[in-house]
1. When the residues of region 168-184 are filtered to those that are touching a Cys at 6+ places or on another chain (Cβ under 8 Å) and within 16 Å of N78 (Cβ to Cβ), which remaining residue is modelled with the highest pLDDT?
2. Under 9 Å between Cβ atoms, at least 6 apart or on separate chains: pull out the pairs that start in region 74-95 with a residue that is within 14 Å of F45 (Cα to Cα) and end on any residue that is assigned to a helix (DSSP H, G or I) and aromatic (F, W, Y).
3. If a residue has to be under 16 Å from N95 (Cα atoms) and in contact (Cβ under 8 Å) with a residue 60 or more places away in the chain to count, how many in region 211-234 make the cut?
4. Is there any pair linking a residue in region 40-55 that is farther than 12 Å from A14 by Cβ to one that is of a type in the set (F, W, Y) and assigned to a strand (DSSP E or B), with Cβ under 7 Å and at least six apart or on different chains, and which?
5. Kindly provide the set of residues from region 24-51 that are closer than 17 Å to H218 by Cβ, of a type outside the set (A, V, I, L, M) and surrounded by 19 or more Cβ atoms within 10 Å (Cβ to Cβ), ordered by number.
6. Mind checking which pairs have a first residue in region 180-197 that is more than 16 Å from R102 (Cβ to Cβ) and a second that is basic (K, R) and at pLDDT 85 or above, Cβ under 7 Å, 6 or more apart or different chains?
7. For residues that are buried (at least 20 other Cβ atoms within 10 Å of the Cβ) and among the aliphatic types (A, V, I, L, M), scanning just region 86-113, find the one that is farthest from F230 (Cα to Cα).
8. Within region 99-133, restricting attention to residues that are within 22 Å of S28 (Cβ to Cβ) and among the charged types (D, E, K, R), which residue is modelled with the highest pLDDT?
Amino acid sequence: MVDGMVILTIVNHALARPDSTLDLFLESFRIGERTQHLLNHLVIFAVDNQAFQYCNSKHHHCFFLSNHRTMKSLSWRNKILQLVLQLGYDFIFTNADVMWLRNPVSEIDPVKDMTIACNFTSGDSQSTDSKADGEFFYLKSDTPTIEYLKYLKMVEVLYPRIKNQSLCEVVKSIDIYDLRIKVLGKPHFGEFCESSWDMSKIYTIYANCCDNIDSQVHDLKLLLDNWRNFKEQSGKNTALRGLLLTRSALNKCKG
């Protein structure tokens, strides 16, 4: 882990309760490849007291955002991220419904201001589909990224519809020529909306395409069970190292 870098995520009571997405998120770090030590760098922000209390029972670095009651707005999240950058910390932001199966830090380009996982088509940073969400990204603490987040505040006033856009949509729709950006995608960064994943190459999998939290938790449990089985079997049989896990193995969330 790079010095001065932290990992950030945000949860509410729907994500942070017994037998929840947060439990599986933390479990993925514990059973992933070269990921367990990253828990020491993970900071979890809770937007309600119930989530904060549960987070504290599971993790050492939890903070209560007492003035924030929703997780849907991009603008208030950016305020938090801007503060972290101004404190001098580089960070990876990850949704709590992103499973960390391998350590993805090696994929981050320290020269770039932003590294972001998006479902861009054909690797074109100007072309993306509706499934892209910006659920995993890195920002360097420097003047361009801080000024970019300030710029987003102004754009949100001029163009109110952008408040509910994902960061991937913002990246493609706003002139960001001052930012040096690396875009991440297949085969290392997957999502439930895809048909399959190469388990020998995947770093993270985002649990989108789920109708509700219960379906998400159900299929995340199946995913982690499959991951445990893959790790056990691939250690015995090298022929399994290119194994594809298909979405049919997950029966609640469908693309």
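1. Selected residue: C168.
2. T94/F25; N95/F25
3. Adding up the residues that qualify gives 4.
4. Sorted first by the residue in region 40-55, then by its partner, the pairs are V43/F63; F45/F63; N49/F64; F52/F64.
5. F25, S28
6. Within 7 Å, the pairs are R180/K112; I181/K112; K182/K112.
7. Result: I92.
8. Checked region 99-133; the qualifying residue modelled with the highest pLDDT is R102.
The values are calculated or read from the model by the stated rules, or taken from the named source; none is laboratory data. The model shown is predicted, which means the values in this text are computed figures rather than measured ones. Every residue, glycine among them, receives a Cβ derived from its backbone with ideal geometry; neighbour counts consider all protein chains shown.
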